[in-house]
Amino acid sequence: MKRQMIYIAVMAGAVFAPCASGAAARIDLTDEMKDSIVFLETSAHGYDLSEPWKNRGLSRNWACGCAVGAYEVLTTAENVVNLAFAKALRYGQNEFVGAELLVVDYRSNLCLIRLDPNQLSKPLKPLTFVAEYPKGAELDSYWLSADSRLFNGRGHLDRASVEMTRTSHGQRLRYVIANTSQRTGKGEVYCAGESPIGIACWSSRDKEAGLIPTETINGFLEAVRKGDYKGFGEVGFAISELLDPAMRSFLKMPASLGGGTYVADVYNLGTGSDVLKKGDVILRIDGHGLDPHGRFEHDKYGWLSFDHLITGKAVEESVLFDIWREGRKEKIRANVKNFKASEMLVPFHEFDRQPEYVVTAGFVLQKLTREYMKEFGDDLAGEAPSHLYHYYRDLAFKPTDERRDVVILSYVLPAPINLGYTGLGQIVVSKFNGMKIRSVADILEAQKLNPQSKYDVVEFELNSPSIVISREQLPAANQFVSSNYGIEKLSNVHP
């Protein structure tokens, strides 16, 4: 994993928020948090997806980190997306401290960094996260400000939920905090009494905040410390509600089977993708009965989506499905698997690396990703081109040996060699010099084909017109495009 340098500055002085009158039962941990919480300031660059050869300007952000070891700090993964530089403040020491980025898991939205022990005046005080769920209880949140003042806020633990994270397509367990006194979502530590129970990962204008709970945090830390971190499970199928009596009758399900949820699609990636079939009905997962909506009743949290039974498990564990298939009950066991976003046919994100592209004769060919589609607007279904949205909606989790990426001609940079083609754009590449295009890297290979031919020929889907590129004119055209449009590197392909 690529390592990046992080610097932690430490300054003295603190202002503490007073406890509310009449709240004698509450415990103020402000003093105890002084050696456990740091302020992180990060800088990120990212890339311009419409011009993938360009970096975006540096943006600055801040986050809260908390000690989970003498020299280890935990924060949310979204705080280090496309990280270029970071520094932080620790209470009580007025100097910079170096650190290494150890592990980033965008699926769990957690990140671990390590401070240089030789630069700290004393070790940090690790927090011990406790797996408590005091529903309805008042919680306290703690964070350090940029001027090294320690603050706290309040909220009430409202519910547990399984929801999509902001850094991944997968759904994970979260606590939802209501009536927060301050907006939190940057890794602030929430405590129930003396016990830390999670770190904040989102907030809303409705005075709600989401927490990554202890269950997820401790699982992440335990897996990291074992070495060779592999992360947690991803679901390899999609479900739909099974409420229609006619559908249940069609599936030959007896009336005694009142629950169960329908497998509407099976992916090529993730847990269950190798054992489940479209049309199966999942009755139980690891002994937990599913209702027709795909929910199960958790002993602690109440009703949750089935996703938690998979995404809460470490890779290489196993999961047992009780299913209804072709008129009878079966039990099937699957290994818990996950996958990188880059393995998706249409990746959910491509954090921390430059997008893949090839520019030839002014034609900009690049990999289709969800982030690229969001350039059209956040409402992908309504604003992105419908034929591109189809790949994201229906095929994102179905890469094959014949197609690992969706490569598109995004637009044409006008040049003498491409006159008449400049109106083309947002079309999917099918073949290049007769070679079926499976990935961006294939374009570089296809350019070497048919050496006797005077032309490169690019074909597209949906009966879009083919383009013909003169090989004799191509070197001069590429030089023209590079010089006039400021493109230093005409291709970027990941190994």
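If you filter the range 218-242 down to residues that are under 20 Å from MET164 (Cα atoms), in contact with a helix residue (DSSP H, G or I) (Cβ under 7 Å, 6 or more places away or on another chain) and of a type in the set (A, V, I, L, M, F, W, C), you find that the one that is modelled with the lowest pLDDT is PHE232. Within the range 422-440, the set of residues being within 14 Å of ARG404 (Cβ to Cβ) and either among the charged types (D, E, K, R) or not assigned by TED's automatic domain parsing to the domain that holds PHE460 (or both) comprises LYS436, ARG438. I need the full set of residues from the range 118-140 which are free of Cβ contacts under 8 Å to residues at least 60 places away in the same chain and not in a loop (DSSP other than H, G, I, E, B), in order please. Residue satisfying the conditions is LEU139 alone. Of the residues making up the range 285-303, those that are among the acidic types (Asp, Glu) and either assigned to a strand (DSSP E or B) or within 13 Å of VAL162 (Cα to Cα) (or both) number 1.
For GLU330, the conditions (1) assigned to a strand (DSSP E or B); (2) buried (at least 22 other Cβ atoms within 10 Å of the Cβ); (3) of a type outside the set (A, V, I, L, M, F, W, C) all hold with the exception of (2). In the range 145-188, of all residues being within 25 Å of the chain's Cα centre (by Cα), surrounded by fewer than 21 Cβ atoms within 10 Å (Cβ to Cβ) and hydrophobic (A, V, I, L, M, F, W, C), the one that is modelled with the lowest pLDDT corresponds to MET164. When the range 450-469 is limited to residues that are closer than 15 Å to VAL412 by Cβ and surrounded by 14 or more Cβ atoms within 10 Å (Cβ to Cβ), the one that is modelled with the lowest pLDDT turns out to be SER464. Need the failing condition index for PHE151 against (1) within 26 Å of LEU89 (Cβ to Cβ); (2) part of a loop (DSSP other than H, G, I, E, B), just the number. If we test PHE151 against (1) within 26 Å of LEU89 (Cβ to Cβ); (2) part of a loop (DSSP other than H, G, I, E, B), just (2) comes out false.
For the range 313-345, filtering for residues that are touching a residue at least 40 places away in the same chain (Cβ under 8 Å) and either within 30 Å of TYR392 (Cβ to Cβ) or of a type in the set (Val, Ile, Thr) (or both) leaves 21. Within the range 418-449, being basic (Lys, Arg) and either in contact with a Ser or Thr (Cβ under 7 Å, 6 or more places away or on another chain) or surrounded by 13 or more Cβ atoms within 10 Å (Cβ to Cβ) (or both) holds for LYS431, LYS436, ARG438. Being surrounded by 16 or more Cβ atoms within 10 Å (Cβ to Cβ) and either hydroxyl-bearing (Ser, Thr, Tyr) or assigned by TED's automatic domain parsing to the domain that holds HIS169 (or both) is the requirement here; does LEU102 meet it? No: the conditions fail for LEU102. On inspection, SER141 qualifies as surrounded by 16 or more Cβ atoms within 10 Å (Cβ to Cβ), among the polar types (S, T, N, Q) and more than 23 Å from the chain's Cα centre (by Cα).
Note on the range 434-448: among residues that are touching a strand residue (DSSP E or B) at 6+ places or on another chain (Cβ under 6 Å) and assigned to a loop (DSSP other than H, G, I, E, B), the one that is farthest from ILE469 (Cα to Cα) is ARG438. Criterion first (on the phi > 0 side of the Ramachandran plot and among the small types (Gly, Ala, Ser)) does GLY136 satisfy it? Answer is yes for this residue. Can we say LYS186 is outside the structural domain of TYR91 (by TED's automatic domain parsing) and in a loop (DSSP other than H, G, I, E, B)? No; evaluated as a whole, the condition is false for this residue. Of all the residues in the range 304-326, those that are of a type in the set (Lys, Arg) and not in a strand (DSSP E or B) number 1. Annotation: of all residues in the range 191-218 being closer than 25 Å to ASP31 by Cα and surrounded by fewer than 20 Cβ atoms within 10 Å (Cβ to Cβ), the one that is nearest to the chain's Cα centre (by Cα) is ASN218.
The values are calculated or read from the model by the stated rules, or taken from the named source; none is laboratory data. As the structure is a prediction and not an experimental result, all values here were calculated from the model. Counting neighbours? That spans all protein chains shown, and the Cβs are built from the backbone with ideal geometry, glycine included.
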